[in-house]
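Here is the structure we will look at.
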Amino acid sequence: MPRIIIDTDPGVDDAIAILMALAAPSVEVAGLTVVGGNVPHARGLRNALALLDFVGRSDVPVLRGSNRPLKGRFASAQHFHGTSGITRRLPEPTTRPLPQSSVDFLAAQLARFPGEITLVAIGPLTNLARLERQYPGSLAKAASLAIMGGSVDSPGNITPHAEFNFYCDPLAAHEVMNAGVPLTLVDLAACRQVFLSRDEALRLRSRRPMGKLALEIVQNWFRADRGRESMLFYDQIALAAALCPKVLTTRQVQLAVQIDGDEAGASQTAAAGGPIALAKEVDVEQLMALMGDWLGWERE
Ligand code: RIB
Ligand code: CA
């Protein structure tokens, strides 16, 4: 049974990815480590607790993480995710995060279960960079590492050059991409292959609680702005790839990440070969079938 820990800045697509993981058969979600990004850290922490509480999964530990990047301040994506970060009002959580930090939790879990934990990072990479700084060699103890981030040799989505997660903490992105650890990277070029149209989204239904909540989040996102005709999938692809690697084809690369300046957060292929399996093609049909299976999404 795969054990996964999700490092997240919940966020609309993060929430859907988390619900996918909770709904996937024979997967143990061993924890959510929170990082600032889409919304301020405190809001993301509240969202993680509230989401788990709402679906009856408060058994999953939630850990406080970084409320600012290694250098500077996080950008925000509340224009996309809404002020609360999740487009479905959730009751105040009745639970609290564990007392330890995300970094200490990740270090302890990876040391205790070497080669058993799949790490899925779907926010700025600050927690993972801090983990590797404070506990060198921890990332290499993961069974696998799947990351959503970057816009390799392609335009960004928060600046013309940079993708949001890399832009929020370019130094952390640089350190994780150059830690020498094998990882799968789902960047914007991959995400731009997968989208759900407004019409398709509004025609979907689910009879399962997690699938229904995920759909309400998606459908409310469309209803929040009449100009929204399609929704790109970001974190959902990284989560699906972590659990079902065949959903992607990849090529091995080394990456360069711009740490500062006007192109901070930009990412380029530095060399072929290397530890990063960069997503090339997404099997969209298989991805949508996985989401349909796990979340019980059906066309009306
Ligand atoms: O660029 C997309 C990424 O930034 C996703 O992880 C989304 O949740 C935001 O964090
Ligand atoms: Ca995210």
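None of the figures in this text is laboratory data; all of them are computed from the coordinates on show. What you are looking at is a predicted structure, and each value in this text was computed from that prediction instead of being measured. Glycine gets a Cβ as well: all are built from the backbone with ideal geometry, and neighbour counts include every protein chain shown.
Given the chain, what whole percent of its Cα pairs are spread farther than 34 Å? Distances greater than 34 Å cover 12 percent of the Cα pairs.
The alpha-carbon of LYS212 sits under 14 angstrom from the alpha-carbons of these aspartates and glutamates, leaving out residues fewer than 8 places away in its chain: ASP293, GLU298, GLU300.
Karplus-based coupling profile of region 246-251, in residue order and whole Hz: 5, 6, 10, 9, 9, 9, with θ = phi - 60° in 6.51 cos²θ - 1.76 cosθ + 1.60 and x standing for Gly or Pro. Summing +1 for each Lys or Arg and -1 for each Asp or Glu among the other residues whose beta-carbon sits under 13 angstrom from that of PRO124 gives -3. Shown here is the pair-distance distribution of region 1-148: with all Cα-Cα distances grouped in 5 Å bins from zero up to the longest one, the shares run 2, 11, 21, 25, 21, 14, 6, 1 percent. Projecting label points 7 angstrom from Cα along Cα→Cβ for LEU232 and GLN78 puts them 2.2 nm apart. Over region 233-300, the alpha carbon radius of gyration divided by the compact-protein estimate 2.2 N^0.38 Å works out to 1.43.
Under a 5 Å amide H cut-off, with hydrogens placed 1.01 Å from N, THR184 pairs with LEU145, ALA146, ILE147, ALA277 among residues at least 5 apart or on other chains.
Between GLU116 and MET288, the modelled label-to-label distance comes to 3.8 nm, taking each label 7 Å out from Cα in the direction of the beta carbon.
Cross-link partners of LYS280 among lysines, defined as those whose alpha carbon lies under 17 angstrom from its own and excluding same-chain residues fewer than eight positions apart: LYS246. Counting Lys +1, Arg +1, Asp -1, Glu -1, what net charge surrounds SER154 among other residues with beta carbon under 12 Å of its beta carbon? Residues near SER154 contribute -2 overall.
Determine the equivalent ellipsoid of region 71-193 by diagonalising the alpha-carbon gyration tensor, then write out the semi-axes as square roots of 5 times the eigenvalues, largest first, rounded to whole Å. Ellipsoid half-lengths, sorted descending, are 24, 22, 13 Å. Hey, if you put +1 on the Cβ of every Lys and Arg and -1 on every Asp and Glu Cβ in region 146-300, which of PRO209, ALA179, MET291 ends up farthest toward the positive end of that dipole? So the residue we want is PRO209.
Helix-only arithmetic for the chain: the sum of -39500 (n - 2.57) across DSSP H runs with n ≥ 4, divided by the residue total, places the mean residue ellipticity at 222 nm at -10500 deg cm²/dmol. When the Cα convex hull of region 178-267 is projected onto planes of every orientation, the mean area is 8.4 nm². Here LYS71 is the anchor, and the aspartates and glutamates within straight C-alpha reach of less than 12 Å, apart from those fewer than 8 places off in the same chain, are ASP169, ASP260. Among 149-160, 110-121, the peptide with the highest mean count of other Cβ atoms within 10 Å heads the list, and the full ranking is 149-160, 110-121. Overall, the chain carries a charge dipole of about 700 debye about its Cα centre when +1 sits on the Cβ of Lys and Arg and -1 on the Cβ of Asp and Glu, all other atoms neutral. Taking K and R as +1 and D and E as -1, what net charge do the other residues with C-beta under 15 Å from the C-beta of ALA48 add up to? Neighbour charge sum, excluding ALA48 itself: -2.
Computed 3J(HN,Hα) for region 66-76, one whole-Hz value per residue from the Karplus formula 6.51 cos²θ - 1.76 cosθ + 1.60 where θ = phi - 60°, is 7, 9, 8, x, 4, 9, x, 9, 5, 6, 10, glycine and proline marked x.
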